[in-house]
Every structure is written in structure tokens, then in C-alpha cells.
Amino acid sequence: MEATSHQVLGLTAGIATITGFQLIDYTPDSFLTTFIFIVVVLVGSLFPDIDTPTSKLGRLFWNVGFLLLIVAYLMWVFYPEGMIQLVGEYRFYAILLFPLLFVFKGHRKFTHSLLFLALVGGYGLFMYWYFEVYWLYLLGFFVGVLSHLLGDYITKRGIPLFYPFSKTYYKFFVTFKTGSTAERLITFLLIVLNLYLLLPDGWGWK
């Protein structure tokens, strides 16, 4: 799927999640909370494509990563004691980020697998327990990532669900080509659905 389609599908998933909260009698405490939730969902809907430098988030991820490498190298050359101290203090968090190295394996590999989805969920639980990040935002990011994988699952290429244990790509029995007319039609229909759901009557409000 293209980036725009991923965002539209992510928005649909986010709205559906908020709507589903009504089943458990939960409503976000403010419009701002709901807005931030949707923004986080949209970020999550693009996040798996950080494995390619040409994607929206990929460009940011690779540029920031390259800048951090330069800073780390210069710090090691001119201030090695400080670098050693920094590594010692934040070693635990560096180890947690180690799986992200698999991002460099190429597009639609690790970041499009069930293992990556599980890691996103695990990191979310860690941030909730240790940093007390609001669970709704963490759920929003997870929903966004999940929507991305579902979006690519219905494309002709599919996704490597069990990577790195298996490099086989799996896809839905009905698929479309990325960037095709079929994808644009689906995106348009999702936009219409989103607009309907955002209307008061669409949400079931009177």
C-alpha cells in the first residue's frame, strides 16, 4: 500500500477502536485525548515502512539515525570517557532497541512480521509499566502498526508473517497491486466511511 492509503486505513482502524470503546462503557476524557490518539494511530500506520529510506517516516528515521551515528563517532573520538559513561548509563535501553537493527534487512521484512508486531506490543507494555505512558496512546500506536500490516497483507506481494523464521510471503486470497486503481478505489471508499463515522449520527450520537 502507498503511504496515503496506509494513513486512511489507519484512521479507519483508529475510529473503529474509539467506537468499540463504547462497548465497554469507556470514553476518552477529552477531545484532545482523542485527537492525540488518532495522531499516534496515524504515526503507527506508517511506522513499519521505516525499513525503506524512501518512505515518509523512513527518511526521518534514516536521517536521524545517520546524524546520531556521526554524533556518537565524534563523541568517541574527542570525548571517549563521556561516551563510555553514556553507554554504561543507558546500556539497558540500548539493548531494548537492539531488535531495530533488523530494520536494515530490507523493505517488507522484519517490520512486516508478527514478531515485530509482538515487539511493538512488548515495548508498549514496558513504556506503560516503567514510564507510565498513557495506555490509550500506546494502544493507538499498536493499532496503527497492525493496520499497516493488514493493508500490505491484502496486496499482491503480501508480507513475511513469520520472518525471520520463514521468508515466505503470505497474502489474502483477494489482493490488489500497490498504487493500482483498485487501491485508490478502496482508499476513496475508506475516506467516505471515515467521514460517515465522524458525523454525529455515524457515531450513534443524537
- [ ] Only residues in region 156-171 that are within 9 Å of Ser113 (Cβ to Cβ) count as the first member; pair them with residues that are assigned to a strand (DSSP E or B) and modelled with pLDDT of 90 or more, Cβ under 9 angstrom, at least 6 apart or cross-chain, and list the lot.
- [x] Ile159/Tyr170; Pro160/Tyr170; Leu161/Tyr170; Phe162/Tyr170
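Here is a yes/no grid of residues against (1) surrounded by 14 or more Cβ atoms within 10 Å (Cβ to Cβ); (2) under 27 Å from Phe176 (Cβ atoms); (3) at pLDDT 95 or above:
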site	(1), (2), (3)
Leu100	yes, no, no
Phe110	yes, yes, no
Leu115	yes, yes, no
Tyr123	yes, no, no
Tyr130	no, no, no
Tyr134	yes, no, no
Ser147	yes, yes, yes
Task: Search result, residues across region 143-153 that are closer than 20 Å to Lys109 by Cβ and in contact (Cβ under 8 Å) with a residue 40 or more places away in the chain - done: Gly144, Val145, Leu146, Ser147, His148, Leu149, Leu150, Gly151, Asp152
Task: Residues (part of a loop (DSSP other than H, G, I, E, B) and of a type in the set (A, V, I, L, M, F, W, C)) located in region 160-189 - done: Leu161, Phe162, Phe165, Phe172, Phe173, Val174
Open item on the list: Pull out all pairs, ordered by first then second residue, where Cβ-Cβ is under 7 Å, the residues are six or more apart or on different chains, the first lies in region 120-135 and is part of a helix (DSSP H, G or I), and the second is aliphatic (A, V, I, L, M).
Closed with: Val120/Val145; Gly124/Leu138; Met127/Val133; Met127/Leu138; Tyr128/Leu138
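One line per residue, one yes/no per condition, for (1) farther than 19 Å from Gly10 by Cα; (2) surrounded by 11 or more Cβ atoms within 10 Å (Cβ to Cβ); (3) over 20 Å from the mean Cα position of the chain (by Cα); (4) modelled with pLDDT of 90 or more:
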{"residue": "Gly158", "(1), (2), (3), (4)": "no, yes, no, yes"}
{"residue": "Thr178", "(1), (2), (3), (4)": "no, yes, no, no"}
{"residue": "Thr181", "(1), (2), (3), (4)": "yes, no, yes, yes"}
{"residue": "Val192", "(1), (2), (3), (4)": "no, no, yes, yes"}
{"residue": "Gly204", "(1), (2), (3), (4)": "yes, no, yes, no"}
Task: Restricting region 26-51 to residues that are in a helix (DSSP H, G or I) and among the acidic types (Asp, Glu), the residue that is surrounded by the most Cβ atoms within 10 Å (Cβ to Cβ) - done: Asp51
TODO: Pick out the one residue from Tyr93, Tyr79 that is modelled with pLDDT of 75 or more and aromatic (Phe, Trp, Tyr).
DONE: Tyr79
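The values are calculated or read from the model by the stated rules, or taken from the named source; none is laboratory data. Since this is a predicted model, take the numbers as computed values, not measurements. Here the Cβ is made from the backbone with ideal geometry for all residues, glycine too, and neighbour counts use every protein chain on show.
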